[in-house]
Amino acid sequence: MKTVLVVIAIIMAMNLGIWGSGINSDNTDSTSSESIQLSRVDYVYFQGTDNRLLKVKTDGTGTVHVGGHWTLATPFVSGSYVYFQGTDNKLWKVKTDGTGSLHLGGHWTLAIPFVSGSYVYFRGTDNKLWKVKTDGTGSVHLGSHWTKDTPFVYGDYVYFQGTDNRLLKVKTDGTGTVHLGGHWTLAAPFVSGSYVYFRGTDNKLWKVKTDGTGSVHLGSHWTKDTPFVYGDYVYFQGTDNKLWKVKTDGTGSMHLGGHWTLATPFVAGFYVYFQGTDNKLWKVKTDGTGTVHLGSHWTKATPFVFSNFLHFQDIGNRVGEMKNENR
C-alpha cells in the first residue's frame, strides 16, 4: 500500500491477530460472537503528516503521540502492541499506551509489518521476506523469497508481491511456493475467504481463488493500490483517486460520498477511514453518508483502526460472520 495495507493494513486488523484476536498462534479459530463487537472500535492509529505515530479515538477525541515515536508508514496494531517502521527504518514495537519500546530482533523494514499469531512478517531493507517472533527472536528468511511490499498472512500461507511483481504465496514455514494463477501485481494483496484481491500490473482490480483458479476483473474497475475487503464489498482507491466500493461479485459500484483518497481505505464497523486527497484523516459511513474530519488531523497513509474487539486478521478471516452477527 503505499505501502499498505494494508495492506492493508488493510487491510487487514486485523489477530487483523491482523491483529483477544480470535486467531490463535496455532492458526485455530476461537472467535465467538461475544469476542467481536463492531460497536467497540476505539482508536485510529496513523502516520501524521509530520511522521508522528499518532492515535485518536474514532470520535475524533483523545489524540496521543504514541511513545514519542515517528513512522514512515501505516502502523499495525495487534493485542497491546503497535508494530511499525520507524523513520530510521528500524522494525519497532511499542505498547499501545506508549511504553515498552523494542527494536525487534535488530531488524529493519521498508514497509508496514504484518502480525499473525506469534510472528511478525515483513519486508526487510534488503527486500527479503522475513518473519521474526514478536519478542524479537527466531528470525527466518522465508523460502529464500524477496518482496516489494507488505506481506499478507492468511491461514497457513503468506501472500505477497515478489520483486519481479509476481503474485506469490508460500507456507508460513517457507515451503510450498506457488505463483498464483500466473498473475502479477503492483501492490500488496488482500486475502478474504477463498479469494485473493489485488491490483494487477495493468492496474485492473482483480480477484483470484487462493488455489490460483477463477480469475475475475472486478466490475471493470482499476485501482492504484491494495484493495480492502469487508463483508460483501471491496473498498479501493480508483485510478481517478475516487473512493470506491464494489460488491465482491463485481456488481453494485459506488463512489462513496463523493470522496477521493490517496491510499488504501480501512473499513471497520459501519465506517470507512481514509486519507483524503487533501491529506485529511476522514471517516465516512459505508453507505457514503456521515462524513467526519477526525480530530482535525492529517495523515500521509492508510489509517489502522483497532480495539480489543476488532482486529485485522479477523477482518480477513471472519468478516462474514462479523457482518451477520452485528446487523
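Restricting the first member to region 208-234 and to residues that are on the phi > 0 side of the Ramachandran plot, and the second to residues that are part of a loop (DSSP other than H, G, I, E, B), the beta-carbon pairs closer than 6 Å and six or more apart or on different chains are 219/250; 219/253. For region 269-320, a residue qualifies if it is modelled with pLDDT under 65 and buried (at least 22 other Cβ atoms within 10 Å of the Cβ), and the qualifying residues are 310, 311, 312, 313, 314, 315, 316, 317.
So that you can scan it fast, the table gives a plain yes or no per residue for (1) modelled with pLDDT of 95 or more; (2) among the hydrophobic types (A, V, I, L, M, F, W, C); (3) in a loop (DSSP other than H, G, I, E, B):
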position	(1), (2), (3)
142	yes, yes, no
150	yes, no, yes
158	yes, yes, no
168	yes, yes, no
174	yes, no, yes
179	yes, no, no
182	yes, no, no
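Every test in (1) under 24 Å from residue 247 (Cα atoms); (2) assigned to a strand (DSSP E or B) is passed by residue 187 save one, and that test is (2).
Exactly one residue out of 206, 222 is over 20 Å from residue 150 (Cα atoms), among the aromatic types (Phe, Trp, Tyr) and assigned to a strand (DSSP E or B), and it is 222. Among residues of region 251-308 being touching a Gly at 6+ places or on another chain (Cβ under 9 Å) and of a type in the set (Lys, Arg), the one that is nearest to residue 188 (Cα to Cα) is 300.
The values are calculated or read from the model by the stated rules, or taken from the named source; none is laboratory data. This one's a predicted model, so the numbers in the text were calculated from it and none came from an experiment. FYI the Cβ positions are ideal-geometry reconstructions off the backbone, even for glycines, and counts take in every protein chain you see.
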